[in-house]
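Scroll down for the structure; my scribbles are underneath it.
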Amino acid sequence: MAIEFQLLYKEKNTAARAGKLSTPHGQVDTPIFMPVGTQATVKSMTPEELKDIGAQIILSNTYHLYLRPGSELIAEAGGLHKFMNWDRPILTDSGGFQVFSLSELNEITEEGVYFRSHIDGKKMFLSPEISMEVQMELGSDIVMAFDECPPYPADYDYLARSLERTIRWARRCKAAMTNENQALFGIIQGGVHEDLRRISVEAMLEIGFPGYAIGGLSVGEPNEIMYEVLEFTVPLMPEDKPRYLMGVGTPEDLLEGVMRGIDMFDCVMPTRIARHGAVYTSRGRLTVRNGKYTRDFTPLDPDCDCYVCRNYTRAYIRHLFNRKEILGVRLATYHNLYFLQKLMEKAREAIMTDSFLEFRDSFYAKYKD
């Protein structure tokens, strides 16, 4: 097995759980948040800085690396780990979400998807087999199956047809994945419908994967609906395999996902909002570009012990943003990613002492003020 998952503890009062995921490039403590390095880089962060904040695993994007610089070039460089100088675990998504969200689609066929590149309009094709080939050339530790990610809302009949296609594509992905040093995760789809989610879980279990992801959420549905889908989907998933909720990463959603039994998360949100001058703090989200911070010589978050909060003030970081200095984005990004890594570390500690609910409630008492 390319990976091994060990369930260390299940919280007594919730479905929250702590575990350890072993990969060819090291171990990962779960629950975990994975910073997103879309194009073989977590925007504005060096690999050394990612290690400083406690990042144990990152995500890169098959679609973008397929287009530029090309997986063949990355393979020639020795694989994605060497190419980007990151020696810890990497998960690559399949490219399916980007094909549907970024590209001008021409046609979804049984064979795969014809689309136009968002870069230059060039006609491209991506299939389960090509996605596996690209991800094998990238050499990531965890590989995602190629699936169709339907929008929200979507017609029930369309979702049912899409789900059946995703199941057939998952079988093809498993047949095409020949690198024994990589672990292929299946993706559970089905929109917001309990019966479709059940069908998807049963099919993915029948195919058999070392880990399972929940896709098709955080695509526009209200948070309450996402939590409801998790409540009827997660209990259907095996306890001895890692559970990954794709594309979710606000502090609230991380805690709610952990409480419902999710082990792995990823999201571009912390780096994206940082580029616009917004940061997470223990007292809620703060937009440091605002004028009221012009003479605020306190840290971004007085309760945070990250490098940024120990060395820089809101006034200074606001100045950097308003002068369009690159350092402003770097400092805000560093802080946001540290904030989420620390949140997951504290969540793991709370799970191990059966105090996750108290930890969550204590966090919300400050964060939502």
Rank Gln182, Ile167, Met144 by how far each Cα sits towards the positive end of the charge dipole of segment 143-193 (+1 on Lys, Arg Cβ; -1 on Asp, Glu Cβ) and give me just the farthest.
-> Gln182
From the backbone phi of segment 227-242, what are the Karplus-calculated ³J(HN,Hα) couplings (6.51 cos²θ - 1.76 cosθ + 1.60, θ = phi - 60°) in whole Hz, Gly and Pro given as x?
-> 5, 5, 4, 4, 5, 9, 9, 4, x, 7, 8, x, 6, 8, 10, x
Between Ile119 and Phe232, with labels modelled 7 Å along Cα→Cβ, what's the label distance in nm to one decimal, could you check?
-> 4.2 nm
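Quick one: Cα convex hull volume of segment 91-203, Å³ per residue?
Looking at segment 91-203, the number lands at 102 Å³ per residue.
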The chain, helix-only ellipticity at 222 nm - DSSP H runs n ≥ 4, -39,500 (n - 2.57), divided by all residues, nearest 500 = -12500 deg cm²/dmol
Using the eigenvalues of the Cα gyration tensor, what equivalent ellipsoid semi-axes result for segment 148-193 when each is taken as the square root of five times the eigenvalue, whole Å, largest first?
-> 26, 10, 6
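Hey, which of these cross-link pairs are over 21 Å Cα-Cα: Lys346/Lys366; Lys20/Lys174; Lys12/Lys241; Lys342/Lys368; Lys292/Lys324? Mind dumping the intermediate values first?
On the way: Lys346/Lys366 15 Å; Lys20/Lys174 24 Å; Lys12/Lys241 19 Å; Lys342/Lys368 18 Å; Lys292/Lys324 18 Å.
Long pairs (Cα-Cα over 21 Å): Lys20/Lys174.
Report, in cubic angstrom per residue, the convex hull volume of the C-alpha atoms of segment 282-328.
Numbers: hull volume 3.4 nm³, N = 47.
Spelled out: Cα convex hull of segment 282-328, divided by residues, is 71 Å³.
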Do any cysteines in the chain lack another Cys Cβ under 4.7 Å, and if so which?
-> Cys149, Cys173, Cys267, Cys306
How do Arg161, Arg197, Arg168, Arg318 stack up against each other in accessible area, from largest to smallest, with a 1.4 angstrom probe?
-> Arg161, Arg168, Arg318, Arg197
PRE reach from Lys368 (point 7 Å along Cα→Cβ): which of segment 260-288 fall under 15 Å by backbone N?
-> 283-285
Segment Gln27-Leu327, length gained on full extension (0.36 nm per residue, minus Cα span) = 104.9 nm
With each label point set 7 Å from Cα along the Cα-Cβ vector, what nm distance links Ile225 and Arg285?
-> 1.9 nm
Please give the length that would be gained between Glu252 and Tyr9 if that part of the chain were fully extended, namely 0.36 nm times their separation in residues minus their C-alpha to C-alpha distance (nm, one decimal).
-> 85.3 nm
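Top to bottom by accessible area (1.4 Å), largest first, where do Glu345, Glu148, Glu49, Glu231 land? The partial results should precede the final answer.
Values: Glu345 70, Glu148 0, Glu49 30, Glu231 100 Å².
Putting Glu345, Glu148, Glu49, Glu231 in descending order of accessible area: Glu231, Glu345, Glu49, Glu148.
Given R₀ = 30 Å, FRET efficiency for Leu205-Ala75 by Cβ-Cβ distance, to 0.05?
Working: r = 32 Å, r/R0 = 1.07.
After rounding to 0.05, the efficiency reads 0.40.
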Residue by residue through segment 165-171, the couplings from Karplus 6.51 cos²θ - 1.76 cosθ + 1.60 with θ = phi - 60°, in Hz, x for Gly and Pro, are 5, 4, 5, 5, 5, 4, 4
Can you grab the distance from the C-alpha centre of segment 270-325 to the C-alpha centre of segment 190-243, Å, no decimals?
-> 36 Å
Once amide hydrogens are built 1.01 Å from N within the peptide plane, the residues lying 5 or more places from Ser60 or on another chain with amide H under 5 Å from its amide H are Gly37, Leu91, Thr92, Asp93
Nearest-20 debye value, the chain charge dipole, Cβ charges on Lys, Arg, Asp, Glu | 1520 debye
Which value, in Å² and to the nearest 10, is the accessible area of Met259 when all protein chains are kept and the probe is 1.4 Å?
-> 30 Å²
Once the Cβ-Cβ distance between Glu164 and Leu102 is put in as r, and R0 is 22 Å, what FRET efficiency do you end up with, to the nearest 0.05?
-> 0.35
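In percent, what relative contact order does the chain have, based on Cα pairs under 8 Å that are 6 or more apart in sequence?
Details: 715 pairs, mean separation 66.6, N = 369.
Computed over the chain, the figure is 18 percent.
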Once the convex hull of the C-alpha atoms of the chain is built, how many Å³ does it hold per residue, rounded to a whole number?
-> 134 Å³
Karplus-derived 3J(HN,Hα), 6.51/-1.76/1.60, for each residue of segment 90-95, Hz, glycine and proline x | 10, 10, 10, 7, 7, x
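The values are calculated or read from the model by the stated rules, or taken from the named source; none is laboratory data. Source: prediction; values computed, not measured. Using ideal geometry, Cβ is built from the backbone for each residue, glycine included, and neighbour counts are taken over all protein chains shown. Side chains included, ligands, DNA and RNA excluded: accessible areas come from the protein's heavy atoms. Shrake-Rupley method; radii C 1.70, N 1.55, O 1.52, S 1.80 Å.
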